[in-house]
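Every number here is computed from the coordinates shown, using simple stated rules; none is lab data. None of the values given here were measured: they were computed from a predicted structure. Positions of Cβ are generated from backbone atoms using ideal geometry, with glycine treated the same way; all protein chains shown enter the neighbour counts.
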Amino acid sequence: MFEAPDRSWQTELASRNSNGITVRLLWSRSTNLVTVAVADPANDDYFELVLDEDERALDVFEHPFAHAAARGVEFRAGRPEQATRAFEDAAFVPRAAA
């Protein structure tokens, strides 16, 4: 299970949750650093992106996985057993040629 670091010294500027994945935009008063934290408990995954001064915080907040991939941050990119099951359950019916 992931263990998120202590956040008592940071201010949450924004937060969202989608499909069990929580994305938080955080600002540190003491260091003036902005961080995007991503937690995916279903995959036991957690990562943080510390933003550079020239990065757009809301862009990283909205697209953390793209920014993580561009930085080379490793993360589990989904639930392969669920995707495989969904693919197997889907009926593939070819369309007749017109």
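Go through 19-29, 48-58 and give me the packing order, highest mean Cβ count within 10 Å leading.
19-29, 48-58
If packing is taken as the average count of other Cβ atoms within 10 Å, what order do 36-44, 9-17 fall into, highest mean first?
By packing density, highest mean first, the sequence is 36-44, 9-17.
Using 0.36 nm per residue of separation minus the Cα-Cα distance, give me the extension gain between Asp54 and Arg71 in nm, one decimal.
Full extension from Asp54 to Arg71 adds 4.6 nm.
With a ≥ b ≥ c taken as the square roots of the eigenvalues of the C-alpha gyration tensor of segment 5-49, please select rounded if a/c is under 1.5 and otherwise prolate if a/b is larger than b/c or oblate if it is not?
It comes out prolate by the Cα gyration axes.
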